[in-house]
Amino acid sequence: MNYQSFYKMTNTIQNYDWGSKTAMQNLFSFQNNSAQRQAELWMGAHPNGCSLLLIEGELTKLSDFIAQDPQLILGEKTADEFGQLPYLFKVLAAEKALSVQVHPNKQQAQEGFDKENQLGISCNAFDRNYKDSNHKPEVVFALTEYQAMNGFRSPAEILKHFQLLNILELEQLVEAFSDNLTEDGLQTFFQVMLLLEGEHKMNALQALSIYAKNNLYNPLFHLIADLETQHPGDIGLFSPLMLNVLTLQAGEAMFLDACTPHAYIKGTGLEIMANSDNVLRAGLTPKYIDVPELVANTIFTSVMTENLLLKEKSEEGWQNYIVPVPDFKFSVADNVSELNVKVNSAEIVFAVDSQVRLNHRNGSTITIKKGESVFIPAYVDHYQVTTSGQLARAYN
Ligand SMILES: [Zn+2]
């Protein structure tokens, strides 16, 4: 086998009903003649949408290529620790909100996966929570304004919102919460809210809807009214009152930690995540919600919005985002010429808004257009990048 330095990737676009018909077309000039909802572009070796590489004239799955020599292609350390490409790199274009969700930490994922296997729950069953034994930390990097919910507001702020609403159906619950403004109090409040059923749920949601429509001048209630058009009758419509709502500006990034509820609302961004499908849902979804399992995997500590943005460190032409997990790293560079990259693991380079050229001192070179990506095996050791725009780089 003649190993190349650079492999241009052919990536899968996933059409989901929350995806945008125009965002990827506008940003990357992707064809979308049949007006599909282009929600996600996947760059990686995940079996549900594995990228393809052109090798000796044949399109080959990235996973098959890696399997030929994981030590050489992933790098020894990554191959030993993960045995596969440990991350999935995506473009995400949301026009409608995604479900409110929580991801288990690594230990919880392992235990949950083992337990459901022992119980014999099939992997694609409606009520299956754990699809694999891995955690799913995520970083999102905004390419446009990117609105999301992430982490709990303080109990006092949540109480204030519900007191303002003054919903008869929730009176006792809100009063009990006001007597116990702690993490425990919030847990009980959150859990009881999610367990509301039948008439109680309907009445509470109807009161919320009326209040929201009468207070559209307030961005929070404007958002709830918008979300109601997407998810009528969904208990998740209360979530903006409990979770931080924030809008990242292009170039800002955020970490989505384990055990922390979050939801993407609208916008286009890059996302990099560990290889996992473990999602426990908490609203804005027709899918299964397992309240006890969700609560057991949730930390009820509040987070300040100013602490949600990911810190970046400028180093030798790169903006390196400080990601607190070993599964992946993420960097961007703007307007660089022959910027040197030392390779320690398999990398993916994505051209954000302009042409990007990579070259190696062995004479190899490749140029990609905006919206395209290159896979760089660990054995490459080093390369140089040049662009008059922005490039993003995923590695570990
Ligand atoms: Zn998530």
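The values are calculated or read from the model by the stated rules, or taken from the named source; none is laboratory data. Quantities reported herein were computed from a predicted structural model and do not represent experimental measurements. Cβ sites come from the backbone with ideal geometry, for glycine too, and all protein chains shown count toward neighbours.
Give Gln31, Gln25, Gln68, Gln4 a once-over and let me know the one that is out of contact with any strand residue (DSSP E or B) (no Cβ under 7 Å at 6 or more places or on another chain) and not assigned by TED's automatic domain parsing to the domain that holds Thr268. If you could, list the steps in order and put the result at the bottom.
Numbers: Gln31 fails: not assigned by TED's automatic domain parsing to the domain that holds Thr268; Gln25 fails: not assigned by TED's automatic domain parsing to the domain that holds Thr268; Gln68 fails: not assigned by TED's automatic domain parsing to the domain that holds Thr268.
That would be Gln4, the only listed residue that is out of contact with any strand residue (DSSP E or B) (no Cβ under 7 Å at 6 or more places or on another chain) and not assigned by TED's automatic domain parsing to the domain that holds Thr268.
I'm told Gln118 meets every condition in (1) within 16 Å of the ligand (Cβ to nearest atom); (2) without any contact (Cβ under 8 Å) to a residue 24 or more places away in the chain except one. Can you identify the failing condition by its number?
(1)
For the range 121-135, which positions are within 14 Å of the ligand (Cβ to nearest atom) and within 14 Å of Asn48 (Cβ to Cβ)?
Correct list: Lys131 only.
For Asn244, state whether it is at pLDDT below 95, crowded, with 20+ Cβ neighbours inside 10 Å and not hydrophobic (A, V, I, L, M, F, W, C).
no
Look through the range 72-103, keep the residues that are more than 16 Å from the ligand (Cβ to nearest atom) and among the charged types (D, E, K, R), and return whichever of them is surrounded by the most Cβ atoms within 10 Å (Cβ to Cβ).
Our first condition is that a residue be more than 16 Å from the ligand (Cβ to nearest atom); within the range 72-103, this holds for 72-86, 95.
From the residues that got through so far, the ones that are among the charged types (D, E, K, R) too are 76-77, 80-81, 95.
Working: Glu76: 13, Lys77: 14, Asp80: 11, Glu81: 13, Glu95: 19.
Going through the qualifying residues, I end up with Glu95.
I'm trying to understand the selection: among the residues of the range 122-144, which are over 15 Å from the mean Cα position of the chain (by Cα) and either assigned by TED's automatic domain parsing to the domain that holds Asp353 or crowded, with 23+ Cβ neighbours inside 10 Å (or both)?
Result: Tyr130, single match.
Could you say which residue among Met304, Met242 is touching a Pro at 6+ places or on another chain (Cβ under 9 Å), away from the ligand (no atom under 16 Å from the Cβ) and over 29 Å from Lys77 (Cβ atoms)?
Numbers: Met304 fails: touching a Pro at 6+ places or on another chain (Cβ under 9 Å).
Matching residue, one of Met304, Met242: Met242.
What number goes with the only condition from (1) in contact with a strand residue (DSSP E or B) (Cβ under 7 Å, 6 or more places away or on another chain); (2) of a type outside the set (D, E, K, R); (3) at pLDDT 95 or above that Thr12 does not pass?
So the condition that Thr12 fails would be (3).
Can you find, within the range 8-22, the residue that is surrounded by the fewest Cβ atoms within 10 Å (Cβ to Cβ) among those that are part of a strand (DSSP E or B) and touching a residue at least 60 places away in the same chain (Cβ under 8 Å)? Working first, answer last.
First, the residues of the range 8-22 that are part of a strand (DSSP E or B): 8-10, 12-20.
Now restrict to residues that are touching a residue at least 60 places away in the same chain (Cβ under 8 Å): 8-9, 17-20.
On the way: Lys8: 16, Met9: 22, Asp17: 9, Trp18: 20, Gly19: 21, Ser20: 23.
Among those that are part of a strand (DSSP E or B) and touching a residue at least 60 places away in the same chain (Cβ under 8 Å), it is Asp17.
Just give me the residues in the range 340-354 being more than 18 Å from Leu41 (Cα to Cα) and either in contact with a His (Cβ under 7 Å, 6 or more places away or on another chain) or outside any loop (DSSP other than H, G, I, E, B) (or both), in sequence order. Working first, answer last.
At the first step, the residues of the range 340-354 found to be more than 18 Å from Leu41 (Cα to Cα) are 340-346.
Within the range 340-354, Asn340, Val341, Lys342, Val343 qualify.
What is the residue count in the range 281-299 for residues that are part of a loop (DSSP other than H, G, I, E, B) and either of a type in the set (A, V, I, L, M) or over 19 Å from Leu237 (Cβ atoms) (or both)? If you could, list the steps in order and put the result at the bottom.
If we filter the range 281-299 for residues that are part of a loop (DSSP other than H, G, I, E, B), which is where we start, we get 284-290, 297-299.
Now restrict to residues that are either of a type in the set (A, V, I, L, M) or over 19 Å from Leu237 (Cβ atoms) (or both): 284, 289-290, 297, 299.
Total meeting the criteria: 5.
Could you please find all residues in the range 375-395 being closer than 19 Å to Gln319 by Cα and either in contact with a Lys or Arg (Cβ under 6 Å, 6 or more places away or on another chain) or among the acidic types (Asp, Glu) (or both)?
Scanning the range 375-395 gives His382, Thr386, Tyr395.
Being touching a Ser or Thr at 6+ places or on another chain (Cβ under 7 Å), at pLDDT 95 or above and under 22 Å from Arg281 (Cα atoms), is that true of even one residue in the range 166-188? Before you say what the answer is, go through the steps one by one.
Taking the range 166-188 and keeping what is touching a Ser or Thr at 6+ places or on another chain (Cβ under 7 Å), we get 183.
Retained after the next criterion (residues that are at pLDDT 95 or above): 183.
Cutting the leftovers down to under 22 Å from Arg281 (Cα atoms) gives us 183.
Checked the range 166-188: at least one residue is touching a Ser or Thr at 6+ places or on another chain (Cβ under 7 Å), at pLDDT 95 or above and under 22 Å from Arg281 (Cα atoms).
Can you give me the number of residues within the range 165-174 that are within 14 Å of Pro155 (Cβ to Cβ) and either surrounded by fewer than 14 Cβ atoms within 10 Å (Cβ to Cβ) or β-branched (Val, Ile, Thr) (or both)? Walk me through how you get there before you give the answer.
Residues of the range 165-174 within 14 Å of Pro155 (Cβ to Cβ): 173-174.
Within this subset, residues satisfying the condition of being either surrounded by fewer than 14 Cβ atoms within 10 Å (Cβ to Cβ) or β-branched (Val, Ile, Thr) (or both) are 174.
Selection size over the range 165-174: 1.
Based on this model, can you work out whether Arg357 counts as charged (D, E, K, R) and part of a strand (DSSP E or B)? Talk me through it step by step, then tell me what you get.
Details: charged (D, E, K, R): yes; part of a strand (DSSP E or B): yes.
Considered against the rule, which asks whether it is charged (D, E, K, R) and part of a strand (DSSP E or B), Arg357 comes out as yes.
How many residues, within the range 28-59, are more than 19 Å from the chain's Cα centre (by Cα) and either part of a loop (DSSP other than H, G, I, E, B) or farther than 19 Å from Pro86 by Cα (or both)?
Step one: of the range 28-59, the residues more than 19 Å from the chain's Cα centre (by Cα) are 28-36, 52-59.
Pick out the ones that are also either part of a loop (DSSP other than H, G, I, E, B) or farther than 19 Å from Pro86 by Cα (or both) and you get 28-36, 54-59.
Qualifying residue count, the range 28-59: 15.
Please give the number of the condition Ala204 fails out of (1) in contact with a Leu (Cβ under 7 Å, 6 or more places away or on another chain); (2) surrounded by fewer than 18 Cβ atoms within 10 Å (Cβ to Cβ); (3) among the small types (Gly, Ala, Ser).
(2)
Based on what the data block shows, is Phe162 over 22 Å from Gly267 (Cβ atoms) and either aromatic (Phe, Trp, Tyr) or within 15 Å of the ligand (Cβ to nearest atom) (or both)?
Numbers: over 22 Å from Gly267 (Cβ atoms): yes; either aromatic (Phe, Trp, Tyr) or within 15 Å of the ligand (Cβ to nearest atom) (or both): yes.
Judged against the criteria, Phe162 is a match.
On the basis of being closer than 23 Å to Gln108 by Cα and assigned to a loop (DSSP other than H, G, I, E, B), does Val323 make the cut? Step through it out loud before you land on a result.
Numbers: closer than 23 Å to Gln108 by Cα: yes; assigned to a loop (DSSP other than H, G, I, E, B): yes.
The answer is yes for Val323.
Looking for whichever is in the same structural domain as Ile272 (by TED's automatic domain parsing), in contact (Cβ under 8 Å) with a residue 40 or more places away in the chain and out of contact with any strand residue (DSSP E or B) (no Cβ under 9 Å at 6 or more places or on another chain) here; the options are Glu81, Glu58, Glu40. Which one fits? Let's see the steps before the verdict.
On the way: Glu58 fails: in contact (Cβ under 8 Å) with a residue 40 or more places away in the chain; Glu40 fails: out of contact with any strand residue (DSSP E or B) (no Cβ under 9 Å at 6 or more places or on another chain).
Selected residue: Glu81, the only one of Glu81, Glu58, Glu40 that is in the same structural domain as Ile272 (by TED's automatic domain parsing), in contact (Cβ under 8 Å) with a residue 40 or more places away in the chain and out of contact with any strand residue (DSSP E or B) (no Cβ under 9 Å at 6 or more places or on another chain).
Applying the selection to the range 379-396, what residues are in a loop (DSSP other than H, G, I, E, B) and crowded, with 21+ Cβ neighbours inside 10 Å? Full working, then the answer.
Let us first name the residues in the range 379-396 that are in a loop (DSSP other than H, G, I, E, B), namely 381, 396.
Scanning the range 379-396 gives a single hit, Asn396.
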